[in-house]
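The next block holds one structure in the form of structure tokens; read it before the comments.
The values are calculated or read from the model by the stated rules, or taken from the named source; none is laboratory data. Since this is a predicted model, take the numbers as computed values, not measurements. Virtual Cβ from ideal backbone geometry, glycine too; neighbours counted across all protein chains shown.
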Amino acid sequence: MDFELNNTQQELRTMVRKFAEEEITPTARENDVKERFPSEIIRKMAALGLLGGTVPKEFGGSAFDWISDAIIFEEIGRACSSVRTTLSVQVSLVEQVIFGWGNEEQKQKYLPQLCKGEIIGCFALTEPEAGSDAVSIKTLARPKGDGWVLNGAKTWITNGGVADVAVVFAQTGPSGGHKGIAAFLVEKGTPGFTSMEIKGKLGLRASNTAGLSFKECFVAGDALLGTVGEGFTIAMSALDNGRYGVAAGCVGIIQGCVDAGTRYARERKQFNRPIGSFQLVQDMISRMVVDLEAARLLVYRAGYLKNRGAPNTLETSVAKYFASEAAVRAANDAVQIHGAYGYSNAYPVERYLRDAKVATIYEGTSQIQKLIIGEHVLGIRAFT
Ligand code: CAA
């Protein structure tokens, strides 16, 4: 077992951290306050190849290994989870789905543009009545001529309002069930496809979240990704990658909490001593550090399996569950260390807390991760 990052991975971390500190951190608070999507940052990340993920170079990707991918999410997540979320959806969900399930034509058409940031993608699974129970989606795809007509609504779709292409999951038959689900690539501007931005979120306020509507929206047959009936497997396998990105982003939040908490505990004096000298403050810092180390190792273990092409649903869910809950704990303690200052946006820790919370909800709640883990360990399904 080798716990060392190789030179390329270490250099990548140094480069991404420098970029994040110079280009993302300075405007993170303002973008959060104004709920402003920082498209200029996405363009700059694209120029550095950070949107290319593990996609091979022949499709315009960066051919990173999965640990490198995690390092990028960590460093961007340490600066701003809104940006990390935008990146995660683009790289881990949309690009991975098209790379894994698209035909040659679809890969050539979309991947180079996605990897270069020329277009943005979104992943449209969740519906108003289908969150954790993803099989129960009601968006319907009806065959018509050589194509399909989509009708339905999606909600809480990251990048939904800025996406040029959406991976849309829909039922193809009235009987329901996961074997009738199919995935479609629907382009912005397709008649009948509209989006409406959702404002007022607790956190991730600089990320774009939208509801999508499909009304008699016709897409040609070549919009179908994979085959009819593969849609649910496409969604679930995509989430194995999406959850990995979320977990790595949470490691970044915890690292940010350790850095901010340590800095403040050294500087802030009460009772004529730095507050870092008090045992109860050291208790909070040390718990954060333990969570940081554990979360990072869990993420890298899942990445190690992904690098080998080995099954990793269990390990990814363990990492996502632990890292997201740990990020909330760490951010809560980081606010506590900062006292009343931590309760204001003078410091980044209150944003860390608000941003961390959603990681225990989106891409599968902590409760769903525990049921996935439970099923793997017990061999007993919770739902039937
Ligand atoms: N990889 C590949 N296939 C998988 C899989 C995986 N990880 N997990 C399940 N499958 C396959 C199963 O093998 C099964 O196929 P077969 O019948 O052919 O064997 C099929 O999918 C159905 O599996 P289940 O019976 O286990 O499905 P279920 O209805 O019991 O649901 C669940 C399981 C884990 C609860 C799932 O519904 C789930 O993950 N729910 C949470 C959904 C979620 O994470 N939503 C977030 C959406 S994205 C988002 O948050 C917003 C955004 O913008 C990013």
- With the checklist (1) within 16 Å of the ligand (Cβ to nearest atom); (2) crowded, with 18+ Cβ neighbours inside 10 Å; (3) within 21 Å of D32 (Cβ to Cβ) in hand, flag the one item V349 doesn't pass. (1)
- Message: I need a count of the residues in segment 215-256 that are under 19 Å from the mean Cα position of the chain (by Cα), away from the ligand (no atom under 13 Å from the Cβ) and not small (G, A, S).
- Response: 5
- Which residue pairs have Cβ atoms under 9 Å apart, sit 6 or more places apart or on different chains, and have a first residue in segment 370-384 that is within 11 Å of V318 (Cα to Cα) and a second that is of a type in the set (F, W, Y)? K370/Y321; L371/F383; I372/Y321; I373/Y321
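State which residue is surrounded by the most Cβ atoms within 10 Å (Cβ to Cβ) when the search covers only segment 79-108 and only residues that are of a type in the set (D, E, K, R) and under 19 Å from E230 (Cβ atoms).
E95
Okay, residues lined up against (1) assigned by TED's automatic domain parsing to the domain that holds F193; (2) within 20 Å of the chain's Cα centre (by Cα):
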residue: F59; (1), (2): no, no
residue: D65; (1), (2): no, yes
residue: A70; (1), (2): no, yes
residue: E74; (1), (2): no, yes
residue: C80; (1), (2): no, yes
residue: V97; (1), (2): no, yes
residue: K116; (1), (2): no, yes
residue: L140; (1), (2): yes, no
residue: A153; (1), (2): yes, no
- Note on the structure: With the first residue restricted to segment 1-19 and required to be within 17 Å of F73 (Cβ to Cβ), and the second required to be polar (S, T, N, Q), Cβ contacts under 7 Å at 6 or more apart or on different chains are Q9/S68; L12/S68
- Of all residues in segment 142-172, which are within 19 Å of M236 (Cα to Cα) and in contact with a Phe, Trp or Tyr (Cβ under 6 Å, 6 or more places away or on another chain)? V167, V168
- Task: May I ask you to verify whether Y264 is buried (at least 18 other Cβ atoms within 10 Å of the Cβ), within 14 Å of A70 (Cβ to Cβ) and in contact (Cβ under 8 Å) with a residue 40 or more places away in the chain?
- Result: no
- Note on the structure: Note: among Y352, Y347, Y362, just one is assigned by TED's automatic domain parsing to the domain that holds I253, in contact with a His (Cβ under 7 Å, 6 or more places away or on another chain) and in contact (Cβ under 8 Å) with a residue 12 or more places away in the chain, namely Y347
- Note on the structure: In the set A170, A183, the lone residue that is within 16 Å of the ligand (Cβ to nearest atom), crowded, with 17+ Cβ neighbours inside 10 Å, over 20 Å from the mean Cα position of the chain (by Cα) and part of a strand (DSSP E or B) is A170
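Find the residue count for segment 352-372, including only residues that are aromatic (F, W, Y) and more than 9 Å from the ligand (Cβ to nearest atom).
Going residue by residue through segment 352-372, those that are aromatic (F, W, Y) are 352, 362.
Checking which are more than 9 Å from the ligand (Cβ to nearest atom) leaves us with 352.
So the count comes out to 1.
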